[in-house]
Amino acid sequence: MAQQPIATLDIIQHFGPHLAYSDGARLDRGLDPDRLVKTHCCFCGQQCGLQLKVKDNEVIGFEPWDEFPFNQGMLCPKGVKRYLQGAHPDRLVSAQERAPHAPGGFAPLAYDAAIERTAAAIHRIQQAHGNGAVGVLSGASLTTEKAYLMGKFARVCLKTPYIDYNGRLCMVSAGVGNKKAFGIDRAANPWSDIIGAEVVWISGANIAECAPITTNYVWQAREQGAKIIVVDPRITPLARTCDLFLPVKPGRDIALFNGILQQMIEHDWLDHAFIAEQTVGFDALAEAVREWTLPRTAEVTGIAERLIRQAAEWWGLAKSSFLMHARGIEHHSHGVQNVLGAINMVLASGRIGRKNCGYATITGQANGQGGREHGQKCDQLPGARDLANPEHRAHVAKVWDVSPDDLPQPGVDAYEMFRKIERGEIRGLLSICFNPLVSLPDSNYVARMLDKLDFYVAIDFFLNDTARHADIVLPGSLQEEDEGVVAQVEGRVIKINKAVDPPGDARQDWKIIQDLAKALGRPHGFTFHNPREIFDELRRASQGGVADYYGITWEKIEQNYGVFWPCPTEDHPGTPRLFERGSHNPIANGAGPFYFPDGKARFHVAPYSPPTEETDAEYPVIFTTGRVVSQFLSGTQTRRIGPLVEQYPEPRVEIHPQLAAQLEINDGDWTTVTSRRGEITLRAQVVKTIRPDTVFVPYHWAGPKSANRVTIAAQDPLSKIPEYKVCAVRVAKAAAPPDYAAQLEPQQ
Ligand SMILES: Nc1nc2c(c(=O)[nH]1)N[C@H]1C(S)=C(S)[C@@H](COP(=O)(O)OP(=O)(O)OC[C@H]3O[C@@H](n4cnc5c(=O)[nH]c(N)nc54)[C@H](O)[C@@H]3O)O[C@H]1N2
Ligand SMILES: Nc1nc2c(c(=O)[nH]1)N[C@H]1C(S)=C(S)[C@@H](COP(=O)(O)OP(=O)(O)OC[C@H]3O[C@@H](n4cnc5c(=O)[nH]c(N)nc54)[C@H](O)[C@@H]3O)O[C@H]1N2
Ligand code: SF4
Ligand SMILES: [Mo]
């Protein structure tokens, strides 16, 4: 029998002792809300539905939204506590300017003056050094309307090629892999297809902590007899309940995927009809994986032969299946190859485009999906169009009422923009919804580059760690202070509803951008009155593209609990499951369900290559990084939510007892992790749930606790994603506690 959804309170009790309404101060004013606003959590890509309780222009709590189909009232600890951030004393309620002698290094500035000063600085830099001397860093926690506006702002108002977004650190390996194999970049299935799958394969995804609601889908599948296979260097919470755990050595997943495919071929566990009719490229791939015999695969991956054989057999013989992956296989200098390897396994099985037969990359940020569709990527235009394609440029230029020749050509990825700062090519920077100092690799380098800028303006609702290097900080809006759409993990476009107004001088982000355009004297195309008008333009700009939103309206979203794109016409119901036989798309024009002119999916040879930095005598341990359930990304938001901090107050180095014993490190000891880039000293957490050759540190902290002091700035050549998941380090018991140990926990 299917497992019943767990009620919100059970989730709270399951994950921690803190009841939902533990913010004592505001309890005094009572909890009777003036109104309830149906909306979604501001944090991860699951985008759980919830209702915010609003009293006197303040969010005071939440109620479950049981009817929203994806999470049916369930929330993880972050969703339960997310409402607490709005009232935090650090909330920016005015613009700030750098003032070295002021307490905290910043002083308030009138909003209009801040806009004028920012516009003047941008103007000055562009006059002296050209339009491309100003760059923009944007974010995938923004609504799709804002993400769209940022792409348009860079190309049409600033006329700079240099815009990129924080999804560069997140979704791009999956994006490139999906485009190469399927011609479209979206989860292929709704999550309901997980429940009926016979085998659920999870590679490099800590589902219980990072996509907590998906756990419920996996467990429902298990209740119905599904076999759950997890591939991870750590026995994650979900892995503790799985049927087969493959403890892969970090950076070796492509060898595993190739080895499984080799077994499928050897045992003829293939869907020959599907391969012949719906794909191209299988023969070359079959030839390439011949060398991936069981012994070789075991040797490279560090996984026992018997486990690989078992996984291949379950996968090979399944009638239905769902393969999911996340950053564990994507955050690599060969992240795209890993993704292609996973897709090869799916295509060879023929189990895609049907009920209970699915494939998906699990999105990360709130709008990890929608944020990568409508033009804030360095080479992209709305509708997942290509900035380099003349037809695509012509379509979008027409909607924007500009000449295609005036649109810049593609720029560079977010990390490369920092290298351009180093070379003096980028001198002015505007960032919104991005905290690169904490989240980019090799943060010592990033800090130096920020300080090299002539002018830096950040738009945020907190003075995040990067914004501390800014000349001006403009006070933006929290998710609940604005409305617009996002696309959640399944590709379902949903509506964020406004609950409260921004406080003080804070403004909705899109208004700030339009104020800048006006102050720059370039308001053409930036005179929207509300996000709905932006959405309506976005629909037209995306029309006929792969990510076609033309048929989506806010009303349709509200009526149907979301609409899955592509949705080309207003009477189109949307597309929950991609690649169904007989389905149409604008690229294949009826030739087949995949988004290529012949309608067929592509196999790609995905050769194995080791990580950029291998371990050696000097740096003998593998360093990998990721997340914990109660903290989110750079921690700007969750490190300010007391109950979440209590759950996981500071980062620790996860280390296996064997390695710990060898290094004479005990649980709780101060431990220094050193790479060729930098070092951090944190307490050790001795756990049996990690490979003995690997240590793990969550990356949600800044400064001396930042994992990214240690990581390597190697990038995938195609996707440009950084290799957060592998570098080589030395681990030793610290000679003395770190300086910060003596200090009070800083606010940041
Ligand atoms: N609580 C919480 N939830 C989040 C977020 C958050 O910050 N906190 N962030 C959101 C975002 S933006 C994202 S991108 C997602 C990320 O979601 P996930 O990708 O699930 O999270 P990570 O912890 O980055 O990495 C997942 C797993 O990869 C494993 N891993 C490391 N190296 C390898 C490898 O070489 N191969 C394999 N197979 N596995 C490896 C790690 O041990 C880890 O368990 O989570 C989203 N949800
Ligand atoms: N070592 C290591 N590093 C990693 C990763 C890892 O696994 N290991 N993961 C990477 C991944 S997957 C990701 S996604 C990145 C994330 O990296 P970042 O995007 O830098 O992290 P965030 O904390 O989301 O920073 C976003 C900032 O935007 C602000 N913000 C949020 N919503 C809004 C909004 O609506 N409007 C405005 N104006 N501001 C807003 C927040 O306050 C915060 O300051 O980190 C990457 N870095
Ligand atoms: S953080 Fe993600 S899983 Fe947790 S409540 Fe928010 S959207 Fe749902
Ligand atoms: Mo992410």
Fill in the blank from the handout: Across the stretch 225-249, the tally of residues that are in contact with a helix residue (DSSP H, G or I) (Cβ under 7 Å, 6 or more places away or on another chain), more than 19 Å from Arg306 (Cα to Cα) and away from ligand 2 (no atom under 16 Å from the Cβ) stands at 2
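Out of the residues in the stretch 230-245 that are of a type outside the set (Ser, Thr, Tyr) and either touching an Asp or Glu at 6+ places or on another chain (Cβ under 8 Å) or modelled with pLDDT under 95 (or both), state the one that is nearest to Thr301 (Cα to Cα). Explain how you work it out, then say what you get.
Just the residues of the stretch 230-245 that are of a type outside the set (Ser, Thr, Tyr), to begin with: 230-235, 237-240, 242-245.
Still in the running and either touching an Asp or Glu at 6+ places or on another chain (Cβ under 8 Å) or modelled with pLDDT under 95 (or both): 231, 234, 237, 239, 245.
Working: Val231: 11, Arg234: 14, Pro237: 22, Ala239: 18, Phe245: 13 Å.
Out of the qualifying residues, it is Val231.
Evaluate the following for Ile125: is it surrounded by fewer than 23 Cβ atoms within 10 Å (Cβ to Cβ) and among the hydrophobic types (A, V, I, L, M, F, W, C)?
Working: surrounded by fewer than 23 Cβ atoms within 10 Å (Cβ to Cβ): yes; among the hydrophobic types (A, V, I, L, M, F, W, C): yes.
Criteria met by Ile125.
Okay, residues lined up against (1) part of a loop (DSSP other than H, G, I, E, B); (2) among the hydrophobic types (A, V, I, L, M, F, W, C):
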| site | (1), (2) |
| --- | --- |
| Arg507 | yes, no |
| Trp510 | no, yes |
| Ile513 | no, yes |
| Lys518 | no, no |
| Pro523 | yes, no |
| Asp536 | no, no |
| Arg540 | no, no |
| Ala547 | yes, yes |
| Thr575 | yes, no |
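Kindly establish whether Gly49 is in contact with a helix residue (DSSP H, G or I) (Cβ under 9 Å, 6 or more places away or on another chain) and either closer than 24 Å to Gly364 by Cα or more than 16 Å from ligand 4 (Cβ to nearest atom) (or both). Reasoning before the result, please.
Working: in contact with a helix residue (DSSP H, G or I) (Cβ under 9 Å, 6 or more places away or on another chain): no; either closer than 24 Å to Gly364 by Cα or more than 16 Å from ligand 4 (Cβ to nearest atom) (or both): yes.
It is false that Gly49 is in contact with a helix residue (DSSP H, G or I) (Cβ under 9 Å, 6 or more places away or on another chain) and either closer than 24 Å to Gly364 by Cα or more than 16 Å from ligand 4 (Cβ to nearest atom) (or both).
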Exercise for the section: Could you please find all residues in the stretch 161-188 being within 19 Å of Cys44 (Cβ to Cβ), more than 16 Å from ligand 2 (Cβ to nearest atom) and not charged (D, E, K, R)? Expected result: Ala187
Practice task
Those residues that are among the polar types (S, T, N, Q), crowded, with 23+ Cβ neighbours inside 10 Å and either more than 16 Å from ligand 4 (Cβ to nearest atom) or more than 14 Å from the chain's Cα centre (by Cα) (or both), I need them from the stretch 173-214; list them, please.
Solution key: Asn178, Asn189, Ser203, Thr214
Exercise for the section: State yes or no: is Glu646 over 25 Å from the mean Cα position of the chain (by Cα) and either assigned to a strand (DSSP E or B) or in contact (Cβ under 8 Å) with a residue 60 or more places away in the chain (or both)? Expected result: no
Exercise for the section: Taking Leu109 as meeting all but one of (1) away from ligand 2 (no atom under 16 Å from the Cβ); (2) within 19 Å of Gly411 (Cβ to Cβ); (3) not small (Gly, Ala, Ser), write down the number of the exception. Expected result: (2)
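Let's see how each residue does on (1) at negative phi; (2) within 21 Å of the chain's Cα centre (by Cα); (3) among the hydroxyl-bearing types (Ser, Thr, Tyr):
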{"residue": "Asp465", "(1), (2), (3)": "yes, yes, no"}
{"residue": "His469", "(1), (2), (3)": "yes, no, no"}
{"residue": "Gln479", "(1), (2), (3)": "yes, yes, no"}
{"residue": "Gly484", "(1), (2), (3)": "no, yes, no"}
{"residue": "Ala487", "(1), (2), (3)": "yes, yes, no"}
{"residue": "Gly491", "(1), (2), (3)": "no, yes, no"}
{"residue": "Ile494", "(1), (2), (3)": "yes, yes, no"}
{"residue": "Pro502", "(1), (2), (3)": "yes, no, no"}
Practice task
Determine whether Arg354 is within 16 Å of ligand 3 (Cβ to nearest atom) and among the charged types (D, E, K, R).
Solution key: no
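Scan the stretch 414-431 and tell me whether some residue there is of a type in the set (A, V, I, L, M, F, W, C), within 16 Å of ligand 4 (Cβ to nearest atom) and touching a Lys or Arg at 6+ places or on another chain (Cβ under 6 Å). Before you say what the answer is, go through the steps one by one.
Residues of the stretch 414-431 that are of a type in the set (A, V, I, L, M, F, W, C), as a first pass: 414, 417-418, 421, 426, 429-430.
Now narrow it down to the ones that are within 16 Å of ligand 4 (Cβ to nearest atom): 414.
From what is left, the residues that are touching a Lys or Arg at 6+ places or on another chain (Cβ under 6 Å) are 414.
Yes.
Go through the stretch 312-404 and tell me which helices (runs of 4 or more DSSP H), entirely inside it, have 1 or more residues that are within 16 Å of ligand 4 (Cβ to nearest atom).
Numbers: elements: 327-330, 335-349, 390-400.
In the stretch 312-404, 327-330, 335-349 are the helices (runs of 4 or more DSSP H) which contain 1 or more residues that are within 16 Å of ligand 4 (Cβ to nearest atom).
Take the residues in the stretch 456-477 that are of a type in the set (A, V, I, L, M) and surrounded by fewer than 24 Cβ atoms within 10 Å (Cβ to Cβ); name whichever of them is nearest to ligand 1 (Cβ to nearest atom).
Looking only at the stretch 456-477, we keep the residues that are of a type in the set (A, V, I, L, M), and these are 457-459, 463, 467, 470, 472-474.
Subsequent filtering for residues that are surrounded by fewer than 24 Cβ atoms within 10 Å (Cβ to Cβ) retains 463, 472.
On the way: Leu463: 20, Ile472: 27 Å.
The selected residue is Leu463.
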Fill in the blank from the handout: Within the stretch 406-423, residues being closer than 14 Å to Pro722 by Cα, surrounded by fewer than 19 Cβ atoms within 10 Å (Cβ to Cβ) and in contact with an Asp or Glu (Cβ under 7 Å, 6 or more places away or on another chain) number 0
Exercise for the section: Determine if the stretch 693-701 includes at least one residue that is part of a strand (DSSP E or B) and within 16 Å of ligand 3 (Cβ to nearest atom). Expected result: yes
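Only one of Ala120, Ala107, Ala114 is in a strand (DSSP E or B), away from ligand 1 (no atom under 16 Å from the Cβ) and small (Gly, Ala, Ser). Can you tell me which?
Ala107
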Fill in the blank from the handout: Screening Gln278, Gln310 for residues that are over 23 Å from Gly204 (Cβ atoms) and within 32 Å of the chain's Cα centre (by Cα) leaves only Gln278
Completion exercise
Picked from the stretch 41-67 (must be in a loop (DSSP other than H, G, I, E, B) and at pLDDT below 95), the residue nearest to Cys170 (Cα to Cα) is Asn57
Practice task
Sort out which residues of the stretch 618-643 are away from ligand 1 (no atom under 13 Å from the Cβ) and either at positive phi or not in a loop (DSSP other than H, G, I, E, B) (or both), and write them in order of number.
Solution key: Val621, Arg640, Gly642, Pro643
Problem - Some residue of the stretch 351-373 being more than 16 Å from ligand 1 (Cβ to nearest atom) and either over 26 Å from Arg186 (Cα atoms) or of a type in the set (Val, Ile, Thr) (or both) - result: yes
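Scan the stretch 183-223 residue by residue and report those that are of a type in the set (A, V, I, L, M) and closer than 14 Å to Leu238 by Cα.
Val200, Ile202, Ala205, Ile207, Ala208, Ala211, Ile213, Val218, Ala221
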Practice task
Kindly check whether there is at least one residue in the stretch 674-692 that is under 23 Å from Gln365 (Cα atoms), assigned by TED's automatic domain parsing to the domain that holds Lys733, at pLDDT 95 or above and in contact with a strand residue (DSSP E or B) (Cβ under 7 Å, 6 or more places away or on another chain).
Solution key: no
Practice task
Would you tally the residues in the stretch 273-317 being under 16 Å from Ala342 (Cα atoms), hydrophobic (A, V, I, L, M, F, W, C) and touching a helix residue (DSSP H, G or I) at 6+ places or on another chain (Cβ under 9 Å)?
Solution key: 11
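Just to be sure before I move on: is Glu305 in the same structural domain as Ile195 (by TED's automatic domain parsing), under 25 Å from Cys433 (Cα atoms) and either modelled with pLDDT of 95 or more or in contact with an Asp or Glu (Cβ under 6 Å, 6 or more places away or on another chain) (or both) in the structure I sent?
Taking the combined requirement at face value, the residue does not satisfy it.
The values are calculated or read from the model by the stated rules, or taken from the named source; none is laboratory data. These numbers come from a predicted model, not from an experiment. Every residue, glycine as well, gets a Cβ built from its backbone with ideal geometry; the counts of neighbours run over all protein chains shown.
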